Amino acid sequence: MKSLPFVDLEAQYVRLRANINQRIQAVLDHGQYILGPEVAELESRLAEFTGARHAIAVSSGTDALLVPLMALGVGPGDAVFVPSFTFTATAEVPLLLGASPVFVDVEEDTFNLDPRHLQVQIERVAAAGRLRPRAIIGVDLFGLPADWDTLEEIANNQDLFLIDDAAQSLGAAIGDRRIGTRAAVTATSFFPAKPLGGYGDGGALFTDDDDLAAVYRSIRAHGQGEDRYEIVRIGINGRLDSLQAAVLLAKLDVFEDELASRQRLAEHYQRRLGVALTTPSQPQDRRCSWAQFTVQVPGRDQVRAELAAAGIPTAVYYPKPMHLQTAYAAFGDGPGSCPVSEALAGRVLSLPMHPYLSVEDADRVADALLAAIGAHAEAERG
Ligand SMILES: *Cc1c(COP(=O)(O)O)cnc(C)c1O
């Protein structure tokens, strides 16, 4: 049988072809490839979409995390608290500035920062006195918003700057508040496989703070001041291309509809798989953007191999927590220090998840997964 795609960008292109082509042609016609009118249009549409006062388009999700840390003046001697169970970029950005990531464990059911362990780590760092606690980067992993009320309370009590790594959660919400307004600054990514993805790298920052927004715009463009050749702070080349903005504008037209399709698919998976294995939890008041649908299965690698043989692609996000990565291990406390992250790394399995997956194909995924789990349980029993 034909193998299913894990993310079907082709089906999306077929749907949006006319609009995407027209948008790209417009850029080729006006020729303003850098910070052209599409970038400004995208920023205002994204601000409207999230409810944030400012949206600032940047060159990647990683730069969207880096820019606010630069603006904060984070550097050597500073501690930035990050979850260990996340994508590399979250842990990488403090290190790029000479600051130290401090790894925090996650909750088993939401995959997001565990506020109790966060509190423990902040107190530990403060008591040791070697590093100055400066910022928390919370991640909305797989599209599920973290517990932002509690994180905000901790950040306020400890005088820490709060950053939402929303690379996977654009379109998610807590109550009727969209992600983009829950932390001092929110960073998202337009990497092609993210819920809103371009045809290359891209990202955006969201904030309600006028002064911070102005600083972020300046850092994005080499730290320029009022005049382009007046450099008032250290910055980067962190701009989003007009061509990417053009593609994203075409995709934004159908984004709400795509989020609804992802939600329906998640509910279908939930119905089919919920009794047999651990499916993602969905706290009452939180709406997920379903960047991934990640189940937890014993014997994951064997189950995964059987699915691959049945033409079902899966992914493992993430096979190794950050505190055990070769490049970051010196900043962690070794095996056993983030036990939930370590356990999750061994049993998470992300299933095909995109707005163009048919019910028939979703059933094919569910049937194959249930069969593989049954076979594994049988083998375990001997
Ligand atoms: C994808 C991702 C990033 C980085 O985004 P890029 O656009 O690839 O730089 C950061 N954090 C998380 C959680 C991500 O999933």
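The values are calculated or read from the model by the stated rules, or taken from the named source; none is laboratory data. Fair warning: this is a prediction, and the values are worked out from it, not measured in the lab. Because the Cβ atoms are built from the backbone with ideal geometry, glycine has one as well, and the counts that use them run over all protein chains shown. All accessible areas refer to the heavy atoms of the entire protein, side chains included, with ligands and DNA or RNA removed. Shrake-Rupley method; radii C 1.70, N 1.55, O 1.52, S 1.80 Å.
Which helices, taking whole DSSP H runs in the chain, have alpha carbons extending 24 angstrom or more along the helix axis plus mean Kyte-Doolittle at least -1.0? Don't jump to the answer; show the numbers that get you there.
On the way: long enough: 9-30 (29 Å, -0.38); 255-273 (26 Å, -1.39); 359-381 (33 Å, 0.06).
Helix filter hits for the chain: 9-30, 359-381.
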query: Restricting attention to region 144-245, which GluC sites (Glu not before Pro) occupy a DSSP loop and are surrounded by at most 13 other Cβ atoms within 10 Å?
result: GLU226, GLU230
- prompt: Toward the positive end of the charge dipole of the chain, about the Cα centre and with charges on Cβ (Lys, Arg +1; Asp, Glu -1), which of ALA371, ALA166, VAL39 goes farthest?
  reply: ALA371
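Helix-only estimate, please: 222 nm mean residue ellipticity of the chain, summing -39500 (n - 2.57) across DSSP H runs of length 4 or more and dividing by its residues, to the nearest 500. Let's see the in-between values first.
Details: 12 runs with 165 residues, N = 382.
My calculation for the chain gives -14000 deg cm²/dmol from helical runs alone.
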statement: The local net charge around ALA266, scoring Lys/Arg +1 and Asp/Glu -1 for residues other than ALA266 whose Cβ lies under 14 Å from its Cβ, equals +4
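Accessible area per residue, 1.4 Å probe, Å², for region 67-194: what's the number? Don't jump to the answer; show the numbers that get you there.
Numbers: 4190 Å² over 128 residues.
It amounts to 33 Å² per residue over region 67-194.
Taking R0 as 30 Å, what's the FRET efficiency between LEU28 and ALA221 from their Cβ-Cβ distance, rounded to 0.05? Please list the in-between numbers first.
Working: r = 23 Å, r/R0 = 0.77.
Rounded to the nearest 0.05, the efficiency is 0.80.
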query: Excluding ligands and nucleic acids, what accessible area in Å² is computed for HIS54 using a 1.4 Å probe, to the nearest 10?
result: 40 Å²
statement: Counting only protein heavy atoms and rolling a 1.4 Å probe, one gets per residue an accessible area for region 290-382 in Å² of 42 Å²
- request: Quick one: pull the percent of accessible area on region 249-370 belonging to carbon and sulfur, 1.4 Å probe, ligands and nucleic acids left out.
  value: 53 percent
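At a 1.4 Å probe radius, carbon and sulfur cover how many percent of the accessible area of region 36-98? Numbers along the way, then the final one.
Details: 1000 of 1820 Å².
Its accessible area is 55 percent carbon and sulfur atoms.
What do you get for trypsin sites (Lys or Arg not before Pro) in region 1-96 restricted to DSSP loop and a cutoff of at most 10 other Cβ within 10 Å of the site's Cβ?
On the way: sites: LYS2, ARG15, ARG17, ARG23, ARG45, ARG53; in loops: LYS2, ARG53.
Counting only loop positions with at most 10 other Cβ atoms within 10 Å, the trypsin sites (Lys or Arg not before Pro) in region 1-96 are LYS2.
State in Å² the accessible area per residue of region 15-59; use a 1.4 Å probe, count heavy atoms of protein chains only, and round to the nearest integer.
Details: 2310 Å² over 45 residues.
Result: 51 Å² of accessible area for each residue.
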- request: Rounding to the nearest 20 debye, state how big the charge dipole of region 1-110 is about its Cα centre with +1 on each Lys and Arg Cβ and -1 on each Asp and Glu Cβ.
  value: 460 debye
field: Pairwise centroid distance, computed over Cα atoms, of region 253-324 with region 134-166, Å
entry: 23 Å
Relative contact order (%) - criterion: Cα under 8 Å, at least six apart; region: region 170-281: 17 percent
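Report the charge-dipole magnitude of the chain in Debye, nearest 20, computed about the Cα centre from +1 at each Lys and Arg Cβ and -1 at each Asp and Glu Cβ.
Numbers: 33 positive and 50 negative charges, 119 e Å.
Roughly 580 debye for the chain.
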